[in-house]
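Chemist: I'd like to ask some things about the structure below.
Bear in mind these aren't lab numbers, they're just calculated from the coordinates by the rules spelled out. Note that the structure is a prediction, hence the values are computed from the model and not measured. Here Cβ is always computed from backbone atoms with ideal geometry, including for glycine, and neighbour counts include all displayed protein chains.
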Ligand SMILES: [Zn+2]
C-alpha cells in the first residue's frame, strides 16, 4: 500500500516539504515505500523530568519522522524505545517498610489515584516495577527526595509468546 507522503505545500512556510505522517507501517516497514525503517531513540533525565525522543528514518525514500516529549513516552514510541534501550526494573531495598512515600511519588509522577498508587507501590516492593530507563530514573529522582533508595537494573529479556515475533531490529 502506498499513499504517497503527506507533505506541506511548497512556499515560504518553514514546514514546506516536511512529511506530516508517521512512517511506520506493519513490520516496521515504511508506509510509502515498504523499506525497513531505522530507529534511533533515547531518554535523558533533565531537571528531574524525563525527556525522550524517537527518530524514524526510511533509507528507501529518505523520509524522516521525529517524535519527542517530556514525562512518560507515548505509544508507540514507548514500545520502540524499550526495544532499542531495553526494559529496566526498579526495586526498593528491604529497609523500605512504608508504602506512603512511594505512593506519594507515584501520585506525583503518574497522577495515580490512591488505589492505583497503592497497587503500584505494592508491585514495586514485591516484584519490582518495569519500564524504560528514563521512567526508572525519574522514579529514583522523586523517591530520593522522599528518602527512599531505588535500585535500577536491566530487566531480563522477555521471550515473546509463540506466534508473536519480536519487532525487527
Ligand atoms: Zn520509505
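Chemist: With an 8 Å Cα cut-off and a minimum separation of 6 or more residues, compute the relative contact order for the range 18-163 in percent.
Modeler: It comes to 23 percent, rounded to a whole number.
Chemist: Among 83, 43, rank each residue by its count of other Cβ atoms within 10 Å, from fewest to most, as a rough exposure measure.
Modeler: 83, 43
Chemist: Under a plain spin-label model, where a point goes 7 Å from the Cα along Cα-to-Cβ, how far apart in nm are residue 36 and residue 55?
Modeler: 2.0 nm
Chemist: Which FRET efficiency value, to the nearest 0.05, do you get for residue 144 and residue 64 by plugging their Cβ-Cβ distance into 1/(1 + (r/R0)^6) with R0 = 35 Å?
Modeler: The formula returns an efficiency of 0.40 here.
Chemist: Compute the label zone of residue 111 within the range 118-138: residues whose backbone N is under 20 Å from the point 7 Å along Cα-to-Cβ.
Modeler: 118-121, 132, 135-136, 138
Chemist: Classify the range 88-154 as rounded, prolate or oblate from the Cα gyration tensor: take a ≥ b ≥ c as the square roots of its eigenvalues, call it rounded if a/c is under 1.5, otherwise prolate when a/b beats b/c and oblate if not.
Modeler: It comes out rounded by the Cα gyration axes.
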